Amino acid sequence: MALIKSANVALGTALEHFTLEDPFGKQFSSQELFGKGGFLIAVMCNHCPYSNAIWKRLEAVAQFAQKLDISTVAINPNIHPNYPEDSPSHMIDKIKEMEIEFPYLIDEKQEVVKSLGAVCTPDIFLFDGAQKLYYHGRIDDNWRDEQSVKEEELREAVMSLFSKQESPKIQHPSQGCSIKWENTVMG
């Protein structure tokens with residue numbers, strides 16, 4: 001799996017609202033999901049080792065953020081016939097396995113992730129209460145080993161947002177597997 005880094009997306013970029021379904025067929029609107037304090041979007045999938053390494057940490061940050069009126073959603077753009085492990089049925093397995101309490105949505109047409117500027121899984125976007133991009137970066141400084149984490153950058157960004165501070169000056173890109181675009185061919 002080739003490691004790539006998230007693209008540079010300008011802070012202050014407005015969220016393009018969307019409606020997506022979860023693997024159970026329930027529709028979710030970003031406008032309805034958006035918390036009073038902000039909105040955390042994590043572009044994730046089932047098979048990527050980089051995503052799998054942070055699911056539990058993402059859930060912990062999401063629970064913390066929820067207490068601050070910042071809601072969370074994960075979006076899977078890898079609905080692709082060549083990657084059956086990312087299928088909606090396997091998303092249900094992932095929800096159960098990782099005890100995911102926030103919506104995990106299907107972006108089958110990949111329009112939402114394109115509007116965000118996402119290029120990899122995981123790719124993390126935190127929007128402020130004005131629906132502008134506040135943080136785009138990694139969850140912390142060690143995706144591989146939770147015990148070795150020294151900087152919890154996403155949690156710190158959530159705290160800064162809640163405290164009405166400016167966006168963090170340094171935002172390290174997320175890194176992971178490339179999104180499996182519709183025209184992706186296994187090689």
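Only the coordinates and a few stated rules stand behind these numbers; no lab work does. Computed from a predicted model, the values in this text were never measured in an experiment. Glycine also receives a Cβ, built like all others from the backbone with ideal geometry; neighbour counts cover every protein chain displayed.
So the values come out like this:
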read-out	value
In region 90-110, the residues that are closer than 23 Å to residue 161 by Cβ and not in a strand (DSSP E or B)	100, 101, 102, 103
Some residue of region 141-153 being crowded, with 22+ Cβ neighbours inside 10 Å, in contact with a His (Cβ under 9 Å, 6 or more places away or on another chain) and closer than 18 Å to residue 51 by Cα	no
So residue 11, is it in a loop (DSSP other than H, G, I, E, B) and surrounded by fewer than 23 Cβ atoms within 10 Å (Cβ to Cβ)	yes
Test: residue in region 32-43 that is in contact (Cβ under 8 Å) with a residue 24 or more places away in the chain, under 23 Å from residue 82 (Cα atoms) and surrounded by fewer than 21 Cβ atoms within 10 Å (Cβ to Cβ)	no
Enumeration of residues in region 141-181 that are more than 20 Å from residue 122 (Cβ to Cβ), in a loop (DSSP other than H, G, I, E, B) and not polar (S, T, N, Q)	164, 166, 169
Candidate set: region 129-187, residues that are within 17 Å of the chain's Cα centre (by Cα) and of a type in the set (Ser, Thr, Tyr); chosen: the one farthest from residue 38 (Cα to Cα)	178
In region 34-52, residue nearest to residue 155 (Cα to Cα) [restricted to those that are aliphatic (A, V, I, L, M) and touching a Pro at 6+ places or on another chain (Cβ under 7 Å)]	42
Unmet criterion (only one of (1) more than 10 Å from the chain's Cα centre (by Cα); (2) crowded, with 24+ Cβ neighbours inside 10 Å; (3) part of a loop (DSSP other than H, G, I, E, B)) for residue 80	(2)
Qualifying residue in region 111-124 (condition: assigned to a loop (DSSP other than H, G, I, E, B), free of Cβ contacts under 8 Å to residues at least 24 places away in the same chain and more than 15 Å from residue 46 (Cα to Cα))	no
Meets criteria (more than 23 Å from residue 32 (Cβ to Cβ), among the β-branched types (Val, Ile, Thr) and buried (at least 18 other Cβ atoms within 10 Å of the Cβ)) for residue 119	yes
Residue that is surrounded by 14 or more Cβ atoms within 10 Å (Cβ to Cβ), acidic (Asp, Glu) and either closer than 22 Å to residue 176 by Cα or touching a residue at least 40 places away in the same chain (Cβ under 8 Å) (or both), where the choices are 16, 99, 59	59
Filtered residues of region 62-77 (kept if loosely packed, with under 15 Cβ neighbours inside 10 Å and in a helix (DSSP H, G or I))	63
Condition check for residue 81: in contact (Cβ under 8 Å) with a residue 24 or more places away in the chain and under 22 Å from residue 23 (Cα atoms)	no
